[in-house]
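One structure is given below, encoded as structure tokens.
None of the figures in this text is laboratory data; all of them are computed from the coordinates on show. What you are looking at is a predicted structure, and each value in this text was computed from that prediction instead of being measured. Cβ placement follows ideal geometry from the backbone for every residue including glycine, while neighbour counts extend to all protein chains displayed.
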Amino acid sequence: MPSPSSSPSTESTAFRSALEVIRSVEPRVADAIGQELADQRDSLKLIASENYASPAVLLAMGNWFSDKYAEGTIGRRFYAGCRNVDTVEALGAEHARALFGASHAYLQPHSGIDANLVAFWAVLSQRVESPALQRAQVRQVNDLSEQDWAALRRELGDQRMLGMSLDAGGHLTHGFRPNISGKMFDQRSYGTDPATGLLDYDALRETARDFRPLIIVAGYSAYPRLVNFRIMREIADEVGATLMVDMAHFAGLVAGKVLTGDFDPVPHAQIVTSTTHKSLRGPRGGLVLCDDELAEHVDRGCPMVLGGPLPHVMAAKAVALAEARQDSFRDYAQRITANASALAEGLLKRGARLVTGGTDNHLVLIDVSGYGLTGRHAEAALLDSGIVTNRNSIPQDPNGAWYTSGIRIGTPALTTRGLGTAEMDEIAGLIDTVLAKTEPGTTKDGKPSKARHVLSDSVADEVSRRATDLLSGFPLYPTIDLS
Ligand code: PLP
């Protein structure tokens, strides 16, 4: 866990008092909050996108900053009385710039999706809207004639994006139809080499040359290897595209200097987005980093696509970013990848099939078809056994995005709890036992089911007991006692 800033009893008192206050109004909410801590303490959390924020981060969110409207940017607000919001937003931006070596940081996005929307519209504003205003010799869109405005709106809606395909590990927000990005952009995707599972840069270059997108999006939710952002930038430059990197998943590895040089997106991309709650271990939220040319466009995020900023969450982001600048965070980031490698090795030696044959980052993608299961069977059987994961598509997945053939597991959360490589090997054993002993079930009319699974209670109970034993040596939030 991040080192507590105050003595254990102070933290227990803070959370106990908060719950007492909440209980006096709606006891059921206080109970649910307390129960959530108990549940999280009891579960072996291998969800690659989750973590445990420090008590300081959690407390920074629960206060009167929540009451404040602060549309605008630091020092230029549309509301009066924002000096304290200015303080925390400026502190957060300063920490983000220093941590990632970025020219500009924007802390307002409420989530990763929102950060991506801010980035898309910043690029559209810079590369489509600004030139149109210049051509029409006006300063802002309100000054355009009806005819020029209609032409600009058509042009904004007629741009191209190249993003990583979903089954290769890309994210819905990278131009896929169910998300607004797919409705805004004409999208094509790039993928991985079917033989190796690795990103195919040559094929990507060919597609980019042919498609000539405005934006190339790099970044992923379920790709277990490194991405070479220097090559991505070369390709983007060659075709006149802006390189945007969504580092939502691996921001903690960038912050902790595990990903450096060609694998650090910040020196290579014109714009980088992130969540703050995954490997970065902050509050739920997003941020955008960019070069100087994009800064003024990014800063228009609110009100362009965002509602009023959440000052309490920006305060928590500032605390989390300050934590990530401590040396201990570098150690944490190293341990995340060491744990993921140990988990992968533990699975491989027991015969599991892994997409790309291993991992270089914080996540591992198990191809559960090797066990004769769908991702849904595997996810449910593991949950029965006290192991929380999520199913995920694998490249060329025959089972589609709902049933899938993969299970994605990640180590940021358990690493925060203090588990190390020896425990990862034990966990690999538990996962392998459950998957090997699970069988596909049948539908009500006796046909093979992609959803129902069969796993004996005795196996599930035994694995759950071993998972609980394992976790008991690594208490979650050890400084907080609510009893
Ligand atoms: N980008 C990537 C790569 C993600 O993996 C995710 C979340 O899973 C997001 C964006 C969206 O983040 P949020 O849920 O905070 O909107």
Go through 252-262, 231-241, 77-87 and give me the packing order, highest mean Cβ count within 10 Å leading. 252-262, 231-241, 77-87
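Could you line up W121, W64 from fewest to most neighbouring Cβ atoms inside 10 Å?
So the ranking, lowest neighbour count to highest, is W64, W121.
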Fraction of antiparallel bridges per DSSP, the chain only, in percent to nearest 5: 55
Any chance you could check the Cα centroid distance between the stretch 408-483 and the stretch 24-58 for me, in angstrom? 19
Starting from the Cα of S130, step 7 Å along the direction of its Cβ; do the same at R452; then give the gap between the two resulting points in nm. 6.0
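Which ordering of H362, H95 is given by a fewest-first count of other beta-carbon atoms within 10 Å?
Ordered from fewest to most neighbouring Cβ atoms within 10 Å, H362, H95 come out as H95, H362.
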List the lysines whose Cα lies under 23 Å from the Cα of K278, skipping any in the same chain that are fewer than 8 positions away. K45, K257, K317
Have a look at the DSSP beta bridges in the stretch 66-324 and tell me what percent are antiparallel, nearest 5. 40
Given the rule -39500 (n - 2.57) for each run of at least 4 DSSP H residues, summed and divided by the residues of the chain, what is its mean residue ellipticity at 222 nm, to the nearest 500 deg cm²/dmol? -14000 deg cm²/dmol
Peptides 213-219, 438-444: what's the order by average Cβ count within 10 Å, highest mean first? 213-219, 438-444
Taking Cα pairs under 8 Å and at least six residues apart, what relative contact order does the chain come out at, in percent? 22
Ranked output for segments 407-416, 170-179 by mean other Cβ atoms within 10 Å, highest leading, reads 407-416, 170-179
